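Reviewing the structure listed below.
The values are calculated or read from the model by the stated rules, or taken from the named source; none is laboratory data. What you are looking at is a predicted structure, and each value in this text was computed from that prediction instead of being measured. Glycine also receives a Cβ, built like all others from the backbone with ideal geometry; neighbour counts cover every protein chain displayed.
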Amino acid sequence: MTATYMRQCRQPSTTPHPRPRLRLKPKAPTTGYVDGAWWPHSDILAEELSNLLAVLTVRLGPIERVIYNLSDWAKTPNQVQLGGRTVQLSGYTGQPLDTIQVIGTNGPKLILLVIPPETAHDSAHDAMNSAAARDNAGTIEDLLRDMIENDG
């Protein structure tokens, strides 16, 4: 996480989360670094991905890989199964903090701002809506700073 906003680890959920908390920019030429925002329920990436990737498959087609920053998530396996397919999970320290990249098998990709799970509801929704606005060209740092200031 960024130095100004530390993520507290959460335990895996005992109940499934039926819908991911996700906002995407409209399907059109986009502006800015991110294509939308995702607000997971925990920092257990493998647990969080099944519902998210099922939704993103509609836009990207079959998913091949998810790239994430190692510092953002609890220990994560190298792959997960989704609809009979193996999705590679690649953690790097060079991946921008507070983001994931989701890459389809035919090349399309989405970069999502990741809202920390413990973020207050109103602040998280404001940040998600900002990140998903068609004309938003803010950086990751801008989007998170605005969220922290609104949360403060």
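List of remarks:
- From L60, L82, L49, residue being under 14 Å from the mean Cα position of the chain (by Cα) and of a type outside the set (G, A, S): L49
- Scanning the range 63-104 for residues that are in contact with a Pro (Cβ under 9 Å, 6 or more places away or on another chain) and at positive phi yields G83, D98.
- I67 more than 27 Å from I148 (Cα to Cα), at pLDDT 95 or above and among the hydrophobic types (A, V, I, L, M, F, W, C): no
- Some residue of the range 23-31 being among the basic types (K, R), within 16 Å of the chain's Cα centre (by Cα) and at negative phi: yes
- H17 being surrounded by fewer than 20 Cβ atoms within 10 Å (Cβ to Cβ), modelled with pLDDT of 95 or more and part of a loop (DSSP other than H, G, I, E, B): no
- Candidate set: the range 28-46, residues that are in a loop (DSSP other than H, G, I, E, B) and hydrophobic (A, V, I, L, M, F, W, C); chosen: the one surrounded by the fewest Cβ atoms within 10 Å (Cβ to Cβ): A28
- Where strands (runs of 3 or more DSSP E) fall wholly inside the range 72-152, the ranges with 1 or more residues that are surrounded by 13 or more Cβ atoms within 10 Å (Cβ to Cβ), among the charged types (D, E, K, R) and free of Cβ contacts under 8 Å to residues at least 60 places away in the same chain are 85-92, 109-114.
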